[in-house]
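The values are calculated or read from the model by the stated rules, or taken from the named source; none is laboratory data. For clarity, every value in this text was computed on a predicted model and none was experimentally measured. Quick reminder, even Gly has a Cβ in these numbers, built from the backbone with ideal geometry, and neighbours come from all protein chains shown. Note: areas computed on protein heavy atoms with side chains; ligands, DNA, RNA excluded. Shrake-Rupley method; radii C 1.70, N 1.55, O 1.52, S 1.80 Å.
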Amino acid sequence: MMRRCGQALSGGLAAVLAGAVSAAPPPPAAAPDLPHPYYYREMYLPQLTSGPSSVAWAPDSRAVVYSMAGTLWRQAADTTVAVQLTDGPGYDYQPDWSPDGRCLVYVSAPPAGTALELKLLDLESGAVSQLTHGGAVNVEPRFSPDGRRIVFVSSAYHGHFHLFVAELEGSGLREPVRFTDEHRSLLPRYYYSPYDHEINPAWTRDGQSILFVSNRGHIHGTGGLWRMPAVAGAEPVELHDEETNWEARPDVSPDGRRLIYSSYLGRNWLQLWLMPSGGGDALPLTYGDWDDTAARWSPDGRQIAFISNREGNTQLRLLRFPGGDSRVLDVTERRWLRPHGRLHLSIRDEHGAPTAARVTVTDAARRFYGPASAWLHHAEFDRNAHPFEARYFHSAGDELIELPAGTVSVEVMKGLTRPPVLRSVAVTAGETAELSVVLPAQSWPDASGQRWVSGDVHVHMNYGGHYRNTPAHLALQAQAEDLDIVENLVVNKEQRIPDIAWSGRGVDPASTPATLIVHGQEFHTSYWGHLGILGLRGGVLLPGYAGYPNTAAASLAPMNAEVADLAHARGALVGYVHPFEQEPRPLTQPVHTDADELPVDVALGKVDYLEIVSFADHQASASVWYRLLNLGFRIPAAAGTDAMADYATLRGPVGLNRVYASIADGALDHGAWLESLRQGRTFATNGPLLGFSLGAGPIGSTLRLERGQEVAFSARLRSIVPVEHAQIVCNGRSVRELPLRGRRQELAVSGTLPLARSGWCLLRAFTAAAEYPILDNFVYATTGPIYVSIHGEKPRSPEDAQYFEAWIDHLIETTTAYPDWNSPDEKAAVLGRLAAARRIYRGLE
């Protein structure tokens, strides 16, 4: 029967669905409601990549449709010509081809905002209809085998991911029906909502059941594979229990007997696995140290299309089944819906040589474009508070970009010492526009014979993202951000450790004389707080974490103090990373923090540095740091982005948060840089560059006086964005607001400060809100302290000592109640360390 795309086939089916509708859902949520505002966005929601990100087959198995660079493309499986099907205004993802071949359903994202809506494309007319409305996240649409229904995942019910099914009616949908019930689990999940979710739906070939992934009854990961009758409220059955991480995406073979999905079972990378569609044991189909995901079986059963990052960027591959290795579906020609031209971008240094940089290219509608092979990135943070979009790619210095004819804006940025360059270029259809940008070298000088060297002490080269990163590409990312040292912290993501092959290498061979890639470790224990381990000799410390419920690592031992001892024995520096999202208040609101063991380990002498500028609230972290400094503890200031450098969407690029350490002029030496960090000769920043001295003593030094007196100070600041405040802070209080005039981007002030008691002073600068192009919630920079000793007296702050006593009292209470210990002696040893730290603070009152 001939029909137009989306026309309903049966009134009877609509009646069945209508009878299954439960109570009307509440108004949709604007964004998913999960305890952590990340990971699901970066690893589950569709991402803008220059390469393909999802694929579906034509009903005749002769062509595929896929998302690439935010639009949909059709390509015959035996050609290298890609034909564009959609062209904005937003970004289009996750297409599925109707069984009759007439239309596509897909996900569309606006240029800015959190909503993801479903749309329907009529392939004959090119007409587009919007299927969902209301601002929820709607993803992963799949046509039923008869083409009458669409199953998809939506956050429309209370902001939780559930399966919905709707009947096509003309060019729209009847009211979607929530097929799965809402259930709040009592399991102690950390990264996942207490409410069970259902994702990755796929129809069985007879259309009678739906396969999906759910974490029902599971603590860790996104869950196992389930099956339920295609009836709202039906009871699902778990087919296969396995920890997954957002990317399983099962698909059923045309004969209905097997399903294919993506798994990292026993491995560090996602590969394609097969299992019986009714449940059973799984076996791998592909092998490799890269990710193969989003597999779709061709309707004739002869090929499997999937997305792979084996070459770094995403690519579409076709696998003959049965057969040998897969092949790339290459694109040598793109046929656009609109006239296109090219932009040749040349970025040069002061010598005329190509230089790496961060680049943003947008048209008049603010739609983003990049080279065909570039890794596209999106900086994601609190968009409600900060409405600007931040998309970019890293360039080695020479790029050719295809984009629609018209005027485009080009922004080029390289680190924090050079102001960004903004240009406007007219692109003519069929022609190549030339743009050359010169970025002369600039620096932030230190004292004679010394120089400031920048480093990001918290980067993850690979962490389950869409790309596959390598040390050489990580070096390019660092060079584009004008970052000298990258500390790649090898760490687990769920059951895998993607970068473990690089552990124990120290300074990587891919480093250059001006850019060092160094492999360390992050110890991942959320109960005590995460540790950064820099300069670790040998392989990673295993198991790499503690306090994981329902595993053999459920015990709270080893606590971080023991891990620090192991790391120190191997020559490493140990610090606390992303400490606090809000200022802890143990005297009035004793709650779990992101770095619970910090004051314990500071008292016990285990902490070599603290990330003040980090993936946390810089002011909150600094407030705890000040209290520790007030008690005489010497803790250097560091900075780390916690950048997942293989993500398409991430908080910010490598080097967003960086620490500058002062080392002697000459060759870049990692050991010397770590020693400078350990001695506290640092400033931490996401924007402003700082300089500070007190009594001619530099940052990290100790000023020794026999009596209280006026002491000379010098303060410098330079920033690529305006700064609202520049302050000298002594003993936890702002004692001098320094004048920022004109554009509020420079400062050079000298004067005197009255110093009456032992303690410390530092310089800080900040804003209250975000300031583009600093891709953080607010601008913040701080020097490390200059310590002040007057007549040899130790600093005293009884109220701060009581603050940490109360903190540890709460920690002792929760640790005593914790049930999963390997032995009573183990528990007693941990509690003994907590008690020892508490006694130290009692002695400081």
Meets criteria (of a type in the set (D, E, K, R), within 27 Å of PRO59 (Cα to Cα) and buried (at least 20 other Cβ atoms within 10 Å of the Cβ)) for ASP325: no
If the requirement is being over 24 Å from VAL64 (Cα atoms) and surrounded by 18 or more Cβ atoms within 10 Å (Cβ to Cβ), which of these qualifies: THR417, THR407, THR314, THR360? THR360
For the range 142-169, which positions are in a strand (DSSP E or B) and surrounded by fewer than 18 Cβ atoms within 10 Å (Cβ to Cβ)? GLU169
Of the residues TYR787, TYR772, only one is open to solvent by less than 40 Å² (accessible area, probe 1.4 Å) and among the hydroxyl-bearing types (Ser, Thr, Tyr); which? TYR787
Does the range 531-553 hold any residues that are more than 25 Å from ARG505 (Cβ to Cβ) and open to solvent by 50 Å² or more (accessible area, probe 1.4 Å), and which are they? ASN550, THR551, ALA552
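Okay, residues lined up against (1) in contact with a strand residue (DSSP E or B) (Cβ under 6 Å, 6 or more places away or on another chain); (2) open to solvent by less than 30 Å² (accessible area, probe 1.4 Å); (3) assigned to a loop (DSSP other than H, G, I, E, B):
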| residue | (1), (2), (3) |
| --- | --- |
| LEU45 | no, yes, yes |
| THR49 | yes, yes, yes |
| THR86 | yes, yes, yes |
| PRO89 | no, no, yes |
Could you tell me whether any residue of the range 103-124 is at pLDDT below 95 and charged (D, E, K, R)? no
Checking ARG505 against (1) more than 30 Å from SER714 (Cβ to Cβ); (2) open to solvent by 40 Å² or more (accessible area, probe 1.4 Å); (3) in contact (Cβ under 8 Å) with a residue 60 or more places away in the chain, which single condition isn't satisfied? (3)
Name the residue that is nearest to TYR803 (Cα to Cα), counting only residues in the range 583-602 that are more than 26 Å from the chain's Cα centre (by Cα), of a type in the set (A, V, I, L, M) and part of a helix (DSSP H, G or I). VAL600
For the range 170-235, please list each of the strands (runs of 3 or more DSSP E) lying entirely inside it that holds at least 2 residues being open to solvent by 20 Å² or more (accessible area, probe 1.4 Å). 224-229
Looking for whichever is closer than 27 Å to ARG757 by Cα and among the polar types (S, T, N, Q) here; the options are SER623, SER555, SER614. Which one fits? SER623
Quick check on my filter: what residues within the range 650-667 are part of a strand (DSSP E or B) and either open to solvent by 10 Å² or more (accessible area, probe 1.4 Å) or of a type outside the set (S, T, N, Q) (or both)? LEU650, ARG658, VAL659, TYR660, ALA661, ILE663, ALA664
Taking the range 314-359 and keeping residues assigned to a strand (DSSP E or B), touching a residue at least 60 places away in the same chain (Cβ under 8 Å) and in contact with a His (Cβ under 9 Å, 6 or more places away or on another chain) leaves THR314, ARG334, ALA357, ARG358
Return the only residue of GLU402, GLU481 being open to solvent by 30 Å² or more (accessible area, probe 1.4 Å) and charged (D, E, K, R). GLU402
Enumeration of residues in the range 603-648 that are outside any loop (DSSP other than H, G, I, E, B), open to solvent by 10 Å² or more (accessible area, probe 1.4 Å) and of a type outside the set (Gly, Ala, Ser): GLN619, TYR626, ARG627, ASN630, MET644
Residues (aliphatic (A, V, I, L, M) and touching a strand residue (DSSP E or B) at 6+ places or on another chain (Cβ under 7 Å)) located in the range 530-559: LEU531, ILE533, LEU534, LEU536, VAL540, LEU541
Pairs where the first residue, in the range 555-583, is within 19 Å of TRP673 (Cα to Cα) and among the β-branched types (Val, Ile, Thr) and the second is in a helix (DSSP H, G or I) and open to solvent by less than 10 Å² (accessible area, probe 1.4 Å), C-beta under 9 Å, 6+ apart: VAL574/ASN560; VAL574/VAL563; VAL574/ALA564; VAL574/ALA567; VAL574/ASP601
Expected single match for closer than 29 Å to ASP642 by Cα, crowded, with 20+ Cβ neighbours inside 10 Å, touching a Ser or Thr at 6+ places or on another chain (Cβ under 6 Å) and among the aliphatic types (A, V, I, L, M) among ALA781, ALA765 is ALA781
Do we find that THR702 is open to solvent by 30 Å² or more (accessible area, probe 1.4 Å) and either within 24 Å of LEU610 (Cα to Cα) or polar (S, T, N, Q) (or both) in this structure? yes
Cβ-Cβ below 6 Å, separation at least six or inter-chain, first residue in the range 806-835 and in a loop (DSSP other than H, G, I, E, B), second surrounded by 17 or more Cβ atoms within 10 Å (Cβ to Cβ): which pairs? TYR818/LEU556; ASP820/SER555; TRP821/SER555; TRP821/LYS827; ASN822/SER555
I'd like the residue in the range 823-832 that is over 34 Å from the mean Cα position of the chain (by Cα) and not acidic (Asp, Glu) and, out of all such residues, is surrounded by the most Cβ atoms within 10 Å (Cβ to Cβ). LYS827
Of all residues in the range 247-268 being surrounded by 20 or more Cβ atoms within 10 Å (Cβ to Cβ) and within 23 Å of the chain's Cα centre (by Cα), the one that is farthest from ALA501 (Cα to Cα): ARG249
Which of the following residues is among the polar types (S, T, N, Q), surrounded by fewer than 18 Cβ atoms within 10 Å (Cβ to Cβ) and outside any loop (DSSP other than H, G, I, E, B): SER693, SER714? SER714
Quick check on my filter: what residues within the range 521-549 are of a type in the set (D, E, K, R) and either closer than 19 Å to PRO824 by Cα or not in a loop (DSSP other than H, G, I, E, B) (or both)? GLU522
Please indicate, with yes or no, whether at least one residue in the range 550-568 is in contact with a Gly (Cβ under 8 Å, 6 or more places away or on another chain), assigned to a strand (DSSP E or B) and closer than 22 Å to ILE808 by Cβ. no
Which residue, of LEU274, LEU283, is more than 20 Å from ALA77 (Cβ to Cβ), open to solvent by 40 Å² or more (accessible area, probe 1.4 Å), in contact with a strand residue (DSSP E or B) (Cβ under 7 Å, 6 or more places away or on another chain) and not basic (Lys, Arg)? LEU283
When the range 429-462 is checked residue by residue, the ones that are under 30 Å from PRO339 (Cα atoms), open to solvent by 70 Å² or more (accessible area, probe 1.4 Å) and part of a loop (DSSP other than H, G, I, E, B) are GLU431
Does the range 72-84 contain any residue that is part of a loop (DSSP other than H, G, I, E, B), more than 28 Å from PRO236 (Cα to Cα), in contact with a Lys or Arg (Cβ under 8 Å, 6 or more places away or on another chain) and open to solvent by less than 30 Å² (accessible area, probe 1.4 Å)? yes
